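J.: Dumping the structure here so I can ask a few things about it.
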Amino acid sequence: MLRSLLVALDDTPGAQAARDLAIALAGRMGAALTLAVVLDRPHSRDAEEPVPVGGAAFAERRNAALAAQLDAEAAAALEAAEAACGALPHDVLRLEEAPEPALLRAGATHDLILLGRDSTLGREENEDGLAPVVEALLKDGPRPLLVVPPGAPAQGPGGGQVLVGYDGSLPAQRALQSFALLGLAEDSPVTLLAENEDKAEAGRLAAEGATYLRRHGLAVTEWPVVGGHPAELLLAEAARLPARLLVMGGFGKTGLRALLLGTSTRRLLREAPCAVFVQH
């Protein structure tokens with residue numbers, strides 16, 4: 001069962017949706033909630049950018065102004081999050097490091113990390129619509145991520161279904177286990193899509209994943225698919241259901257295994273209409 005979650009705050013729409021989802025999950029499941037702001041000192045006060053000859057004083061003033069700006073943005077995001085929490089108990093973390101090491105360290109003491117899909121977290125650029133920190137946390141982090149798109153509702157049971165992409169790989173098995181053990185289905189019906197070029201293997205994988213989830217008391221519909229493009233199938237099904245959550249594993253080579261952060265994964269994380277639960 002979910003006991004603790006960490007949500008990274010900033011002023012992007014996705015981060016605000018992640019904040020609201022984190023608050024809703026903590027309230028429904030009785031989990032401890034930690035609100036984290038990333039001050040990113042290495043890229044503000046210690047920023048090293050070209051300056052004119054003799055421009056050390058200019059650089060110092062520029063960095064001080066940048067640090068003050070990031071502090072103000074973090075304070076505003078934290079104030080809004082605490083207002084949204086209301087009476088819900090929560091902890092606050094002010095992380096001085098750059099986003100990747102800061103959240104890797106903080107995430108080690110939590111069950112789940114929530115991030116806005118478009119989060120910038122300090123000075124990180126987000127040119128393709130996917131927070132750069134996601135790849136680092138998937139590659140090196142010990143915990144699953146919940147990547148939340150802008151506008152995603154903080155809905156629970158009755159607000160949609162859960163869609164699982166399963167290929168039998170170790171990352172997929174880990175993601176399935178974490179999803180089940182954390183109780184994130186919350187009694188929602190689950191559709192499990194298993195794609196393979198061989199019909200019998202697709203059926204076997206669908207039965208394998210569904211059997212595991214049913215042993216955790218979940219209602220699962222098996223959907224074996226032969227061939228096709230897994231990312232397109234999952235995106236279309238997520239919109240049709242509609243899904244409130246997409247579950248998948250990270251890393252791999254082909255099909256549903258084209259993950260971290262290959263074309264299929266980036267597309268799913270960028271375009272999914274719902275929150276994405278992902279683990280390596």
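J.: Can you go through L192, L241 and tell me which one is of a type outside the set (S, T, N, Q), buried (at least 22 other Cβ atoms within 10 Å of the Cβ) and under 25 Å from the mean Cα position of the chain (by Cα)?
T.: It is L192.
J.: Let me ask something else about it. Just one of (1) under 19 Å from the mean Cα position of the chain (by Cα); (2) in a strand (DSSP E or B); (3) surrounded by fewer than 20 Cβ atoms within 10 Å (Cβ to Cβ) trips up T221, so point out which.
T.: Just one mismatch for T221, condition (1).
J.: So in the range 195-218, with the set limited to residues that are surrounded by fewer than 17 Cβ atoms within 10 Å (Cβ to Cβ) and small (G, A, S), which one is nearest to A275 (Cα to Cα)?
T.: G217
J.: Tell me, which strands (runs of 3 or more DSSP E) lie completely within the range 72-188 with 2 or more residues that are more than 13 Å from the chain's Cα centre (by Cα) and buried (at least 22 other Cβ atoms within 10 Å of the Cβ)?
T.: Counting at least 2 such residues, we get 161-165.
J.: Working only within the range 232-252, note down all residues that are in a helix (DSSP H, G or I) and touching a residue at least 40 places away in the same chain (Cβ under 8 Å).
T.: Of everything in the range 232-252, those that are in a helix (DSSP H, G or I) and touching a residue at least 40 places away in the same chain (Cβ under 8 Å) turn out to be L233, L234, E237, A238.
J.: Every residue in the range 261-280 that is in contact with a strand residue (DSSP E or B) (Cβ under 9 Å, 6 or more places away or on another chain) and either among the charged types (D, E, K, R) or in a strand (DSSP E or B) (or both), please.
T.: Once the filter is applied, which keeps residues that are in contact with a strand residue (DSSP E or B) (Cβ under 9 Å, 6 or more places away or on another chain) and either among the charged types (D, E, K, R) or in a strand (DSSP E or B) (or both), the range 261-280 yields A275, V276, F277, V278, Q279.
No value in this document is a laboratory result; all are computed from the given coordinates. Predicted, not measured: the structure shown is a model, and the values here were computed from it. Positions of Cβ are backbone-derived with ideal geometry, glycine not excepted, and every protein chain shown enters the neighbour counts.
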